[in-house]
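The values are calculated or read from the model by the stated rules, or taken from the named source; none is laboratory data. Treat the numbers as computed from the prediction; the structure is a model and nothing was measured. Cβ coordinates were reconstructed from backbone atoms using ideal geometry, including for glycine residues, and neighbour counts include every protein chain displayed. SASA here: full protein model, heavy atoms, side chains in, ligands and nucleic acids out. Shrake-Rupley method; radii C 1.70, N 1.55, O 1.52, S 1.80 Å.
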Amino acid sequence: MIELSISFLLTVIVVFLVILFLFAIYLLFQHQREIRFSNTRDTFLQNHSQHWYNYLMNDEIFSVVLVPRGRAHVAAIEKIFSSYLKNIMDEKVEYKIKEFSNLYLKKFYEKDLSSKRWSIRMNALYRIADFQIDELLDTCQQFEKDKISEGEYFQLLKIYSTFQPELFIEKIKESSVNYSESEYRRLFVLLEDDVFIRLFEEFDSWNKNIQLAAIDTAAVKRNMQYIDKLKQLLTHEVSEIKIRALKGLYEIGVIDEIDPYVPFVKSDMWEVRLMVAKIFKHVPLNYTYAYLELLLEDENWWVRSQAAKTIAENREGIAKLQQFMESSNDQYAIEMAQETVVRRQGIK
């Protein structure tokens with residue numbers, strides 16, 4: 001019985017040793033494979049970075065040596081393209097990268113989309129968007145029919161927003177996934193103006209995150225045609241929408257009339273009064289001083305502070321604050337005006 005047990009244990013030990021040996025061989029093989037991959041990639045970068053610069057920046061004739069001959073070359077080209085797109089804003093360079101990618105990288109990323117590894121599929125989606133490989137749009141739509149993650153679907157939306165905006169609008173309408181404001185902003189900033197404006201035309205049909213992201217994106221885009229859309233939201237029943245619209249108008253910085261903002265000087269919400277005090281920075285002081293004087297006597301410290309700053313930034317602002325200190329009976333407002341004058345004079 002004991003002999004059988006020892007024999008069994010020896011067999012188990014031998015089996016484990018064989019497995020460990022095979023695993024070690026596998027790790028060694030993988031390590032060598034990674035070294036070869038890295039060496040091939042780095043050699044391509046070293047030998048052809050100047051060729052890429054000449055082709056992309058100096059309009060030299062395209063050379064066949066730049067065509068990738070395997071995954072390591074593709075990885076090298078990804079690094080080159082990503083560097084140019086990140087550091088150089090040039091439509092000609094972007095077009096060349098797009099043209100090359102549609103010709104020579106498409107087949108690699110098309111194959112990657114069918115990979116079982118999530119990281120490989122995600123990398124393909126990132127590259128399709130970044131390098132504008134629009135010839136893979138149909139492939140992406142087919143890929144969407146598979147069981148994919150929220151992250152993959154988000155990248156598909158990014159691709160649609162760039163290549164087929166109408167499809168993008170339909171997709172976010174029917175999507176069961178509710179992304180964050182920041183994620184929606186990343187999508188909306190890619191839209192052409194004529195498509196983006198539709199978000200405001202159908203404003204009340206969107207969920208809250210889309211609404212807020214649309215307002216913030218309009219402020220970032222700083223397009224004059226968005227001013228009227230934001231002003232229309234000043235009468236919205238949701239307070240946060242109203243405040244965001246005021247903030248967006250302030251950031252765009254073009255105030256063509258003050259009448260829409262005057263009622264907010266006496267708003268029940270201090271956040272609204274604060275935004276109006278900021279907006280009046282973009283209007284000549286002779287039109288706004290009477291309202292800023294009211295805001296300088298506001299019960300809220302932040303509103304008083306902003307009103308004083310807005311007045312002080314005007315060329316005649318310091319004199320106006322000094323006159324205010326002599327005529328006002330509001331001690332808190334007087335102290336705020338004094339602090340602002342001292343601070344402003346100290347800067348000068």
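Look at where the Cα atoms of region 117-136 and of region 257-326 average out, and the two centres are 50 Å apart.
In a DSSP loop and with at most 14 other Cβ atoms within 10 Å, the GluC sites (Glu not before Pro) in region 270-348 are Glu299, Glu313, Glu316.
Sequence-distant contacts, meaning Cα pairs under 8 Å at least 6 residues apart, place the relative contact order of region 211-299 at 24 percent. Treating r as the C-beta distance of Arg117 and Met269 and R0 as 41 Å, the FRET efficiency rounds to 0.20. If you plug the beta carbon distance of Val342 and Tyr287 into 1/(1 + (r/R0)^6) with R0 = 25 Å, you get a FRET efficiency near 0.40. With all protein chains kept in place, the per residue accessible area of the chain amounts to 58 square angstrom at a probe of 1.4 angstrom.
Taking 18 Å as the cut-off for C-alpha to C-alpha distance, list the pairs among Lys79/Lys116; Lys208/Lys278; Lys173/Lys208 that go past it.
Violating the 18 Å Cα-Cα cut-off are Lys79/Lys116; Lys208/Lys278.
Estimated purely from DSSP H runs of n ≥ 4, each contributing -39500 (n - 2.57), the mean residue ellipticity at 222 nm for the chain is -22500 deg cm²/dmol once divided by its residues.
With R₀ fixed at 25 Å, the C-beta to C-beta distance from Met224 to Val93 puts the FRET efficiency at about 0.30.
Between Asn209 and Asp193, the modelled label-to-label distance comes to 2.9 nm, taking each label 7 Å out from Cα in the direction of the beta carbon. In region 157-204, a dipole from Cβ-located charges (positive for Lys and Arg, negative for Asp and Glu) runs towards its positive end, and of Phe168, Phe196, Ser180 it is Ser180 whose Cα lies farthest in that direction. Of the solvent-accessible surface of region 253-334, computed with a 1.4 Å probe and all protein chains present, 47% belongs to carbon and sulfur. Of the solvent-accessible surface of region 1-136, computed with a 1.4 Å probe over protein heavy atoms with every protein chain present, carbon and sulfur atoms account for 62 percent.
This model, with +1 at the C-beta of Lys and Arg and -1 at the C-beta of Asp and Glu, gives the chain a dipole about its Cα centre of some 1340 debye. Could you check which residue among Arg186, Arg69, Arg304 shows the biggest mean-square fluctuation in a GNM of the chain with a 10 Å Cα cutoff? Comparing Arg186, Arg69, Arg304 in the GNM, the peak value goes to Arg69. Name the shape class, rounded, prolate or oblate, that the alpha-carbon gyration tensor gives for region 109-177, where a ≥ b ≥ c are the square roots of its eigenvalues, rounded holds for a/c under 1.5, and otherwise prolate holds if a/b is larger than b/c and oblate otherwise. Oblate, because a/c is 1.5 or more while a/b does not exceed b/c. Considering the values [x] 0.94; [y] 1.12; [z] 1.51, which represents Cα Rg over 2.2 N^0.38 Å as calculated for the structure under consideration? Correct label is [z].
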